[in-house]
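**Student:** Before I ask anything, let me first share the structure, which is written out below as structure tokens.
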Amino acid sequence: MPSPLKQLVTFTSQTAGLEKTLRLIQAVSQIVGVTSDDKTLSTQCLAARDRLALGRRYFRLLDFYGCFERVHVLSTTPSSAGALLATMELAQFTFLGLYLFLENFTILHDMNVARVNWYRPLMTEANKFWFYALVLSILRMTWLIFFPVEPAPTANGKGKAKTEKTASQPKWPLVKKIIIDGCDLTLPGSFIGWVPASGLQVGAAMVVSTVLVGHNVWLAQQQRLR
């Protein structure tokens, strides 16, 4: 079993782990920044939050490609989950891809390299797409909790179809995803004014979602060490 230090080094040396670490620091910086009575500390923390948010954008610069690639696969491959779930998933990743794609057009503005007057309108529309994607993800996970997808039948040795006896899909990963997406919903929701969340509430929601996602990343990375 690797030492705790080795596990931490492994976590932060991988892209996913480093991004989640920066996101957690960003969330804590926001919480301190909006709650501190010390004006200097508050200004410093909010400045750190903004720099970390910008730095994290470099990690997802081309993530829109993966979303659109998944949309292509979903639109050209028959789904065993049913038409409704397949359509929801296709729409979810279409919206997420549009958010990530549009967001890239504002990165020079946030870097103070090329300021543009259409920054706010574009980011508003981009965040609407992110909001739609999260809502669809929550609805899809909720549907799967109450209406699990049956395992696809497999052919036996004589060519006849049979259904494998498999354990029912565990509910906790689905519930966990709902919690994560529900917390993340406060980010685009507060930006576009659809969710009345304060800066403290957004920061706290970011901490919860980041810890839950980070735990998944941590487990996956530590598994590869064994």
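**Student:** How much FRET efficiency would the formula 1/(1 + (r/R0)^6) give for Lys171 and Gln223, where r is the Cβ-Cβ distance and R0 is 22 Å, rounded to 0.05?
**Tutor:** 0.50
**Student:** Compute, for Thr43, the solvent-accessible surface of its heavy atoms (probe 1.4 Å) with the complete set of protein chains present, and express it in square angstrom to the nearest 10.
**Tutor:** For Thr43, solvent-accessible area is about 90 Å².
**Student:** Please list His72, His109 from largest to smallest accessible area, probe radius 1.4 Å, with all protein chains kept in place.
**Tutor:** His72, His109
**Student:** Over 31 Å between Cα atoms, which of Lys128/Lys176; Lys20/Lys128; Lys128/Lys177; Lys6/Lys128 qualify?
**Tutor:** Check vs 31 Å cut-off fails for Lys6/Lys128.
**Student:** Counting only helical runs of four or more DSSP H residues, what would the 222 nm mean residue ellipticity of the chain come to if each run contributes -39,500 (n - 2.57) and the total is spread over all its residues?
**Tutor:** -24000 deg cm²/dmol
**Student:** Subtract the Cα-Cα distance of Asn112 and His72 from 0.36 nm times their separation in residues, and report this length gain in nm to one decimal.
**Tutor:** That works out to 10.9 nm of additional length.
**Student:** Label-point separation (nm) for Arg51 and Ile145, each offset 7 Å from Cα along Cα-to-Cβ?
**Tutor:** 4.0 nm
**Student:** Also, quick follow-up: Leaving ligands, DNA and RNA out of it, rank Trp130, Trp218 by accessible area with a 1.4 Å probe, largest first.
**Tutor:** Trp218, Trp130
**Student:** Tell me the Rg and the Dmax, in Å, that the Cα atoms of the chain produce.
**Tutor:** Radius of gyration, then largest Cα-Cα span, for the chain: 20.5, 76 Å.
**Student:** Could you report the accessible area of Ser209 in Å², rounded to 10, computed with a 1.4 Å probe on the protein chains as they sit in the structure?
**Tutor:** About 0 Å², ignoring ligands and nucleic acids.
**Student:** Give me the extension gain from Ser80 to Glu125: residue separation times 0.36 nm, minus the current Cα-Cα distance, reported in nm with one decimal.
**Tutor:** 12.9 nm
**Student:** On a 1.4 Å probe surface of the protein chains, which of Leu108, Leu22 comes out largest in accessible area, and what is the full order?
**Tutor:** Leu108, Leu22
The values are calculated or read from the model by the stated rules, or taken from the named source; none is laboratory data. This one's a predicted model, so the numbers in the text were calculated from it and none came from an experiment. When we count neighbours, we look across all protein chains shown, and the Cβ atoms used for this are built from the backbone with ideal geometry, even at glycine. Ligands, DNA and RNA are excluded from the accessible area calculation, which covers all protein heavy atoms including side chains. Shrake-Rupley method; radii C 1.70, N 1.55, O 1.52, S 1.80 Å.
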